[in-house]
Amino acid sequence: MNQNSFLLPLFQLIVIISFLASCKTPAILPNSSPLAELMMTDTLTAIAVNSSTDIRIKETSGLIEISNHLWTNNDSGGGKILYQLDDRGEISKQVKLDVPANVDWESLAADETYFYVGDIGNNLGKRENLRIFKGLKEDLLTEELVPTQTITYAYEDQITLYNAYNHNFDAEALISYKDHLYIFSKNWLDRKSKVYKLPKTPGDYIAKKVDEFDTMGLITGADIREDQNEIALIGYRNDFVKRKFYSFIIILSDWKNDAFFSGNVNRTPLSIERQTEAISYRGSREIWISSENEGAGDSSLFRLTTK
């Protein structure tokens, strides 16, 4: 084989590789290597705000915008604290809540007056103290210890307790819509998500199931843009053997009443191969997403720009 005949196939191979690479949309990570960028490719680009959050919020599980600031929290065992974040994802303030404990805080929600902390994590399906803490948003800005009220509940269709990841009664996503709170379940067994409805008034309730959809993955966070009738859900599929996470976002719109899955359901893979945990609309054109440190890398914040 002469030199020219060898160079021609090599040149063709380079062209093919370059073309395939151009078809991918890499997630942009601060100080990431080209290899890391190529590994984190998919349909929708998520730009990392930071490569690692403050060590105090390594297991960020909730995310909500209140008074033009993002707030987050840790999940089980993370203390009774909410953290205010700046535009770089760094802690600018922390506030303690006057609550019994952080059993498994998994979600934050808010309406015009109040914020809600979902102590609703139920990995093993055996909790009998599911609850939501309710406090005034203005107190987060002025108080060091914020008083709260408590909403407790049980699921209307859960007739037995469990003790393993073999059930459909975990939850990590909470929103406020009109006069009620809504919980999106994290179904370990069938990878669907059920929607439950609760009053906002403190008390003890049975959560009513109002909708269900095959989300084809674990739903870990939710937020609502009520003025546009739009809900964003964050979740992931996981491969326990390979320790791989495949995140996705679902946008819900044009639903009827509170059957949120009755309208348009747009499910899109994300360029984040991590255990995504929380999601929040921010401003008119951004969605922010947080990930825990249990996935591929440290806990981080990501930003999506919407139309």
Protection proxy ranking, peptides 262-269, 82-89, average beta carbon neighbours within 10 Å, highest first | 82-89, 262-269
By average Cβ neighbour count within 10 Å, what is the ranking of 195-205, 111-121 from highest down?
-> 111-121, 195-205
Beyond 21 Å between alpha-carbons counts as too far, so tell me which of LYS134/LYS178; LYS137/LYS256; LYS208/LYS256; LYS58/LYS80; LYS96/LYS134; LYS194/LYS244 fall in that bin.
-> LYS137/LYS256; LYS194/LYS244
Using the count of nearby Cβ atoms within 10 Å as a rough guide to exposure, how do SER271, SER193 rank from fewest to most?
-> SER271, SER193
ASN68 paired with ASN163, simple spin-label distance in nm, labels 7 Å along Cα-to-beta-carbon | 5.3 nm
Quick one: work out Rg over Rh on the C-alpha atoms of segment 26-305, Rh as Kirkwood radius.
-> 0.94
Packing-ranked peptide list from 229-236, 164-171, 147-154, highest mean Cβ count within 10 angstrom first, is 229-236, 164-171, 147-154
Using Cα pairs under 8 angstrom and six or more residues apart, how large is the relative contact order of segment 26-305, in percent?
-> 18 percent
Under the definition of Cα pairs under 8 Å and six or more residues apart, what whole-number percent is the relative contact order of segment 102-211?
-> 24 percent
Exposure proxy ranking, count of Cβ atoms within 10 Å, fewest first, for ASP258, ASP223 = ASP258, ASP223
Sum of side-chain charges, PRO147 neighbourhood, beta-carbon under 9 Å (Lys, Arg +1; Asp, Glu -1) | -3
Determine, from the Cβ-Cβ distance of ASP98 and GLU138 and an R0 of 25 Å, the FRET efficiency 1/(1 + (r/R0)^6), rounded to the nearest 0.05.
-> 0.95
Equivalent ellipsoid semi-axes - Cα gyration tensor, segment 90-200, angstrom | 27, 15, 12
Kirkwood Rh, angstrom, segment 202-256 [1 / mean 1/r, Cα pairs] | 13.5 Å
Label-point separation (nm) for LEU145 and ASP204, each offset 7 Å from Cα along Cα-to-Cβ?
-> 2.7 nm
Geometric extent, Cα atoms of segment 144-275 - Rg, Dmax (angstrom) | 15.5, 44
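May I ask you to derive the relative contact order of segment 228-307, considering only C-alpha pairs under 8 Å and at least 6 residues apart, and to give it as an integer percent?
This gives 24 percent for segment 228-307.
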Could you please state, rounded to a whole Å, how far the C-alpha centre of segment 220-271 is from the C-alpha centre of segment 173-212?
-> 15 Å
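Laboratory data are not the source of any read-out in this text; all were calculated from the coordinates shown. Remember, predicted model here, so these are calculated numbers, not experimental data. No Cβ is skipped: glycine too gets one built from the backbone with ideal geometry, and neighbour counts run over all protein chains shown.
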